[in-house]
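Asks: Once you've had a glance at the structure underneath, I'll fire off some questions.
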Amino acid sequence: MGNIEKRKSIRKFQNKKIEKQIIQDILQAGLLAPSPKNRQPWQFVVISNENKKKELVDAMRQEIAVRLKENSNRSDIYASLESMNIIEQASVLILVCYRYGMVEQHDDGVDWQISSTDLEAVELQSIGAAVENMLLKATELEIGSLWCADILYAYKTVSSYSTNPVVSAVCLGYKNEMPEMKKRNALSDMCIFY
Ligand SMILES: Cc1cc2nc3c(=O)[nH]c(=O)nc-3n(C[C@H](O)[C@H](O)[C@H](O)COP(=O)(O)O)c2cc1C
């Protein structure tokens, strides 16, 4: 089985630190992702210091609690608290940021004739590719990972960690569960062949 088939979201982690070299290998895999005009529009904020991570998780929980108070019927906000428990257990949290507004820095100096929203869409695709690269590298190195967007429920808190917009996060840690592969739709339902 290859790493694509082996990768699963891990939500239970051992209380064991990941070595610095392994974290760097995973980040390096992210940097190898393709991007429009090779602009590499990502930035990773890596939080592995236990106290710093606890500080962040506490602040995110507080912000989510306030949102929940204002929107008590929102089960999605409530569910995001579960992701805070997962982040707390993880050895490393990587905030994935979008190095926005790099259009002028093309290799060839040619401006794209597309709108800024199209440009955002293509740049965000490459950030997704960088994240997937990291998840696959983590799988190869027997490290559990979770792609986690629930941090966006505490946007004010996470946005104070970078001048670039935070778009997602990745949790890393040694696995403490072996979940089954989640079911996927059939190829015939998801593809159009001509
Ligand atoms: C962009 C993105 C954001 C996600 N955010 C969360 C999250 O905040 N919390 C969580 O528990 N899982 C999150 N997931 C994981 C998905 O739930 C998971 O990938 C999906 O259920 C398929 O399961 P698998 O990863 O084990 O194949 C996210 C996945 C993606 C791609």
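Derivation of every value follows stated rules applied to the coordinates shown; laboratory data play no part. All values reported here derive from a predicted model rather than from experimental measurement. A quick note on method: Cβ atoms are made from the backbone with ideal geometry, for glycine too, and the neighbour counts reach across all protein chains shown.
Asks: Which net charge results for the neighbourhood of LEU32, defined as the other residues with beta-carbon distances under 14 angstrom from its beta-carbon, given Lys and Arg at +1 and Asp and Glu at -1? Could the numbers behind the result be given before it?
Replies: Working: positive: LYS137; negative: ASP25, GLU132, GLU140.
Local net charge: -2.
Asks: Just in the range 119-177: which trypsin sites (Lys or Arg not before Pro) are loop by DSSP and have at most 13 other Cβ atoms within 10 Å?
Replies: On the way: sites: LYS137, LYS156, LYS175; in loops: none.
For trypsin sites (Lys or Arg not before Pro) across the range 119-177 that sit outside H, G, I, E and B with at most 13 neighbouring Cβ atoms in 10 Å, the list is empty.
Asks: Of the peptides 82-91, 8-17, how do they stack up when ordered by the mean number of other Cβ atoms within 10 Å, highest first? Show your work: numbers first, answer last.
Replies: Numbers: 82-91: 19.1, 8-17: 16.4.
Ranked from most to least packed, the peptides come out as 82-91, 8-17.
Asks: Kirkwood Rh over Cα pairs of the range 3-190 into Stokes-Einstein at 37 °C, 0.692 mPa s: D in µm²/s?
Replies: Working: Rh = 17.7 Å.
Approximately 185 µm²/s, per Stokes-Einstein.
Asks: Quick check on the chain: helices-only [θ] at 222 nm, where DSSP H runs of length 4 and up contribute -39,500 (n - 2.57) each and the sum goes over total residues. Nearest 500, please.
Replies: On the way: 7 runs with 86 residues, N = 194.
When only DSSP H runs of four or more count, the value is -14000 deg cm²/dmol.
Asks: Excluding same-chain residues fewer than 8 positions from LYS54, which aspartates and glutamates have a Cα within less than 13 Å of its Cα?
Replies: GLU88
Asks: Mind checking the dipole of the chain: about its Cα centre, +1 per Lys or Arg Cβ, -1 per Asp or Glu Cβ, Debye to the nearest 20?
Replies: Numbers: 24 positive and 25 negative charges, 153 e Å.
It works out to roughly 740 debye.
Asks: Right, here's the next one. State the answer as a single residue: which of THR157, GLN89, LEU135 lies farthest towards the positive end of the charge dipole of the range 3-190, with beta carbon charges of +1 for Lys and Arg and -1 for Asp and Glu, about the Cα centre.
Replies: Among THR157, GLN89, LEU135, the one farthest towards the positive end of the dipole of the range 3-190 is GLN89.
Asks: Same structure again: Within the set LYS16/LYS52; LYS8/LYS69; LYS137/LYS183; LYS6/LYS37; LYS52/LYS175, which residue pairs have Cα atoms separated by over 26 Å?
Replies: Values: LYS16/LYS52 16 Å; LYS8/LYS69 33 Å; LYS137/LYS183 22 Å; LYS6/LYS37 31 Å; LYS52/LYS175 22 Å.
The answer is LYS8/LYS69; LYS6/LYS37.
Asks: Set the Förster distance to 45 Å, then compute FRET efficiency between GLN24 and TYR194 from the Cβ-Cβ distance, nearest 0.05. Can you show the working numbers first?
Replies: Working: r = 44 Å, r/R0 = 0.97.
Result of the calculation: an efficiency of 0.55.
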